[in-house]
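Chemist: Submitted below is the structure of interest, expressed as structure tokens.
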Amino acid sequence: MAQAGILGEDDRVELIDGEIVEMTPIGARHAGCVKRLADLFFRTFRDSAVISVQDPIRLDKRSEPQPDLALLHQKQDFYASRLPMPADVFLLVEVANSSTDPDRKVKVPLYAQHDISEVWLADLEQETITVFLDSAPDGYRTARVFRRGESLAQSAFPDRPITISDIFPE
């Protein structure tokens, strides 16, 4: 659609279940959290994974969401030949501005339907990370909330913990 002139290069949209959905503007706190997570991920995983920031993931021909961060299997061309697909994903991270955020109600269930094995939802209001595991067609079977003082590790890299305080410093 961008090539046809329907959408501009700077239009913030993503494809969700066949619909073009306008993405909410990114505020300073959201952007800061994404940058902090990207820095943590680069320092923690750069030797074992590709870190993708706000790039599309092709779930199927009807959905190409743009998670805030993705931890992907290594690929020589860094996914220049095709977009990452569910089998390429170790982890997707969405940064949510509120508990009613569309990430929680739309995107996390969509990721489960497409068998994304692990999703983290960073809640800026509560300063928590909810880890979703055990995907199923109707959602994730497991959800655990991590708070300040706790640490969490991505399932594929359990020996590389990240503390919640590193994500939400005081």
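Read-outs: derived from the displayed coordinates by stated rules, not from any lab. None of these values were measured; they are calculated from a predicted model.
Chemist: Based on the inverse mean of 1/r over its pairs of different Cα atoms, what is the Kirkwood hydrodynamic radius of region 105-170, in Å?
Modeler: Its Kirkwood hydrodynamic radius stands at 12.4 Å.
Chemist: Please list the non-local residues whose amide H lies under 5 Å from the amide H of residue 118, H modeled 1.01 Å from N, same-chain partners needing a gap of 5 or more.
Modeler: Amide H neighbours of residue 118: 92.
Chemist: Which percent of Cα pairs goes in each bin when the distances of region 13-167 are cut into 10 angstrom slices starting at zero?
Modeler: All Cα pairs, binned at 10 Å, distribute as 11, 44, 38, 7, 0 percent.
Chemist: Right, here's the next one. Find the relative contact order for region 13-167 and round it to a whole percent, using C-alpha pairs within less than 8 Å whose residues are 6+ positions apart.
Modeler: RCO, region 13-167: 16 percent.
Chemist: Follow-up question, since we're still on this one. Could you give me the ³J(HN,Hα) list for region 74-89, computed from phi with Karplus coefficients 6.51, -1.76, 1.60 and θ = phi - 60°, whole Hz, x at Gly and Pro?
Modeler: Values, residue by residue: 5, 9, 3, 8, 6, 6, 6, 8, 6, 6, x, 10, x, 5, 8, 9 Hz.
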